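See below for the structure under consideration.
The values are calculated or read from the model by the stated rules, or taken from the named source; none is laboratory data. Since the model is a prediction, treat every value here as computed from it, not as a measurement. In this analysis, Cβ positions are derived from the backbone assuming ideal geometry, glycine residues included, and neighbour counts consider all displayed protein chains.
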Amino acid sequence: MALTLDEAGLRTIGARLAPLLRAGDVIALSGDLGAGKTTLARAILEGLGHRGEVPSPTFTLVQTYADLDPPVAHADLYRLSSAAEAEPLALDDWLLDGALILEWPERLGDTIWPDRLWLRLEGAGGPDRRLTWDAPAAWEGRWPFA
Ligand SMILES: Nc1ncnc2c1ncn2[C@@H]1O[C@H](COP(=O)(O)OP(=O)(O)OP(=O)(O)O)[C@@H](O)[C@H]1O
Ligand SMILES: [Mg+2]
């Protein structure tokens, strides 16, 4: 299954995902540079009630939003060259009480959490994006797009 979305449509997806998010969840956002990963992350954070900026974590690697329910860490692993480099980020610890939105999840290779919701965005450069997904057992009954 796939959805074709303009930017407003992608933001609507984020708004619908936000209330479904629980502590321990990982949303992996895959796609080329400019595919819309940060745009979708921003819509999820705003859907959880965040007001204000959502800077791209390309350089900080992780931005945390501790006052949300659940608390969210937004990470961008683009600059990592191996999965081992993610260890100091202690993302597993964060997942004890919070959720994780991850750009460039491919950087984690096989070490990524098997229960992650994997969303893929394609079509960078044009007005529309193709969204495809892999919704694992942890999202059964929650992922609203069949
Ligand atoms: N349908 C669409 N969905 C998402 N973004 C769109 C769409 N159409 C145009 N855009 C534009 O594409 C850009 C997407 O940028 P964004 O920072 O979200 O990408 P990214 O996937 O996070 O890239 P990076 O890998 O560099 O972090 C934005 O400037 C946005 O306005
Ligand atoms: Mg980004």
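Remarks
- Cβ-Cβ contacts under 9 Å between residues 6 or more apart (or on different chains), taken from a first residue in the range 90-109 that is under 10 Å from Gly24 (Cβ atoms) and modelled with pLDDT of 95 or more to a second residue that is of a type in the set (Ser, Thr, Tyr) and surrounded by 19 or more Cβ atoms within 10 Å (Cβ to Cβ), are listed as Gly98/Tyr65.
- Residues considered: Asp32, Asp76, Asp67, Asp25. Of these, the only one that is among the charged types (D, E, K, R), surrounded by fewer than 17 Cβ atoms within 10 Å (Cβ to Cβ) and touching a Leu at 6+ places or on another chain (Cβ under 9 Å) is Asp32.
- Total residues in the range 107-127 satisfying the condition of being more than 21 Å from Thr64 (Cβ to Cβ) and surrounded by 14 or more Cβ atoms within 10 Å (Cβ to Cβ): the figure is 5.
- Per-region count, the range 26-58, residues more than 10 Å from ligand 1 (Cβ to nearest atom), in a loop (DSSP other than H, G, I, E, B) and within 21 Å of Ile112 (Cα to Cα): 0
- Residue in the range 4-13 that is within 14 Å of ligand 2 (Cβ to nearest atom), among the β-branched types (Val, Ile, Thr) and either touching a Cys at 6+ places or on another chain (Cβ under 6 Å) or modelled with pLDDT of 95 or more (or both) present: no
- Listed by first and then second residue, the pairs linking a residue in the range 16-34 that is in contact (Cβ under 8 Å) with a residue 12 or more places away in the chain to a residue that is part of a loop (DSSP other than H, G, I, E, B) and among the small types (Gly, Ala, Ser), with Cβ atoms under 6 Å apart and 6 or more places separating them unless they lie on different chains, are Ala23/Gly98; Asp32/Ala124; Gly34/Ala124.
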